[in-house]
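Worksheet for the structure shown next.
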Amino acid sequence: MDRQTCFCGEDGIVFLHYASKHLCEKHFIRMFDKRFRKTVGVHKMLRKNDRVVVGLSGGKDSTVLLHSLAQLKKDLPFELIALTIDEGIKGYRARTLAIAKKECETLGIEQVILGFKKETGKSLDEAMAEEPSEKLPCTHCGVLRRYLLNKGARELKATKLALGHNLDDIAQTVFMNIMRNEPSRLARMNDPILKSARFVPRIRPLMLTPEKENAVYAMLKGIEIEHVECPYARFAFRSHVRRMLNESEERYPGTKFKVVNAFLEIEGALRKKYSKGAKMIFCSSCGEPSSQKICMYCKRVYS
Ligand code: SF4
């Protein structure tokens, strides 16, 4: 059998370096869908009649997530709603917003949009123009977006908030937390340590799917994807970690899977350690759960 042939004898269209195998279109899609369902099942992400809010940016990962959940919904009854956050990033967000809107229309899924400008008084561009040296764009953006996603999902009465983070994202976050010496963040990476009715449980059904495979799947399934990168991404520590991990993956295929699997193995022990003595605090300004008297969102928006 030729090296570039799928096990079925058809021409391979994708090479899975970490598994040393070529797959044809049919078997790649089959493998992708199977892994998606297995991840959801093994990690007990969904239950019958869940009300799932998908954080839909319109980027490839969240759009593929929406499609895969819409497909799964045919076999497992649950509700699906999309929640899009418009950060207000000129020349970038408008294009992905258009894709998100179109995908929701095509799939017949209700979409709710929350904007930084409307919710906080300033778009991300405006906040950055005012205090360029004070606020790192991705840190500011991440704090506001996480807050609005949780609040928005809760107001939509979601029982789960589904996020499009892929294998690469998770491996990067694991490394970032280690490189910053923040093991307590590792412990609460997947879910907050303390439960509160104000936190909507988050699920990441693509956490074992490499980023590149999301792109291939989107292409094969005719899902529109946008290749433009956020103009602030170059400032991010994540970009450095991404390059480092991509280099390691190139040399040692399977590195990203190993990092994420190692994290999943120690996650329980970390959660146990950091849950000891942990006390829930509520922000004295907005009432949301927080690790400090005033939460990061209120500090950034109101001070
Ligand atoms: Fe926000 Fe940074 Fe992502 Fe841009 S790259 S959307 S600023 S987190």
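The values are calculated or read from the model by the stated rules, or taken from the named source; none is laboratory data. Bear in mind the structure is a predicted one, so any value in this text is a computation, not a measurement. Virtual Cβ from ideal backbone geometry, glycine too; neighbours counted across all protein chains shown. Side chains included, ligands, DNA and RNA excluded: accessible areas come from the protein's heavy atoms. Shrake-Rupley method; radii C 1.70, N 1.55, O 1.52, S 1.80 Å.
Among ASP169, ASP75, the sequence by solvent-accessible area, most first, with a 1.4 Å probe is ASP75, ASP169.
If the chain linking HIS227 and ARG51 were pulled fully straight, counting 0.36 nm for each residue of separation and taking away their Cα-Cα distance, it would gain 60.3 nm.
Within a straight-line Cα-Cα reach of under 14 Å, LYS21 can be paired with the following aspartates and glutamates, leaving aside sequence neighbours fewer than 8 residues apart in one chain: ASP2, GLU10, ASP11, GLU213.
Amide H contacts of LYS21 (H built 1.01 Å from N, in plane; Pro and chain starts excluded): LEU16 sit under 5 Å, all sequence-distant by 5 or more or on other chains. Where the alpha-carbon atoms of the stretch 60-205 are placed on the principal axes, they occupy 48, 35, 29 Å, in descending order. The spacing between the stretch 200-218 and the stretch 1-64, judged by their C-alpha centroids, is 9 Å. Sparsely packed loop sites in the stretch 128-173 (the GluC sites (Glu not before Pro) outside DSSP H, G, I, E and B with at most 13 other Cβ atoms within 10 Å) comprise GLU134.
Among the trypsin sites (Lys or Arg not before Pro) found in the stretch 75-111, those both in a DSSP coil and sparsely packed, with 15 or fewer other Cβ atoms within 10 Å of their Cβ, are LYS90. From largest to smallest, the equivalent ellipsoid semi-axes obtained for the stretch 1-58 from the alpha-carbon gyration tensor read 32, 13, 10 Å. Put one equal scatterer on each alpha carbon of the stretch 130-197, apply the Debye formula with no solvent term, and list log10 I(q)/I(0) at q = 0.12, 0.23 1/Å to two decimals. Log10 I(q)/I(0), no solvent term: -0.42, -1.24.
The share of accessible area on the stretch 153-303 that comes from carbon and sulfur is 55 percent, using a 1.4 angstrom probe. All distinct Cα pairs of the stretch 24-141 go into the 1/r average, and the inverse of that average, the Kirkwood radius, is 16.1 Å. Where both bridge residues fall in the chain, DSSP classifies roughly 25% of the beta bridges as antiparallel. Here the contact order of the stretch 117-269, divided by its residue count and restricted to Cα pairs under 8 Å and six or more residues apart, works out to 30 percent.
Here the Kirkwood formula puts the hydrodynamic radius of the chain at 20.5 Å, using every distinct Cα pair. Largest GNM mean-square fluctuation among GLY277, GLY55, GLY152, using the chain with Cα springs under 10 Å: GLY277.
Per residue, the chain exposes an accessible area of 54 Å² to a 1.4 Å probe, with every protein chain left in place. The ellipsoid that matches the Cα gyration tensor of the stretch 222-303 has semi-axes, each √(5λ) in whole angstrom, of 33, 24, 12, with the longest given first. Of the GluC sites (Glu not before Pro) found in the stretch 189-230, those that fall in a DSSP loop while having at most 11 other beta-carbon atoms within 10 Å are GLU229. Dipole size of the stretch 116-219 about its Cα centre, with +1 on Lys/Arg Cβ and -1 on Asp/Glu Cβ: approximately 620 debye, rounded to the nearest 20.
Taking every C-alpha pair closer than 8 Å and separated by at least 6 residues, the mean separation divided by the residue count of the stretch 33-302 gives a relative contact order of 22 percent.
By the helix-only formula, in which each DSSP H run with n ≥ 4 contributes -39500 (n - 2.57) and the sum is divided by residues, the chain has a 222 nm mean residue ellipticity of -15500 deg cm²/dmol. Pairs from the table (LYS34/LYS73; LYS60/LYS117; LYS26/LYS74; LYS38/LYS221; LYS157/LYS195; LYS272/LYS299) lying more than 26 angstrom apart at Cα are LYS272/LYS299. For THR5, the residues 5 or more places off, or on other chains, whose built amide H falls under 5 Å of its own are GLY12. Each residue of the stretch 273-284 is assigned a 3J(HN,Hα), and the resulting list reads 4, 7, 7, 4, x, 5, 10, 6, 10, 10, 4, 6 Hz, derived from the Karplus form 6.51 cos²θ - 1.76 cosθ + 1.60 (θ = phi - 60°), x at Gly and Pro.
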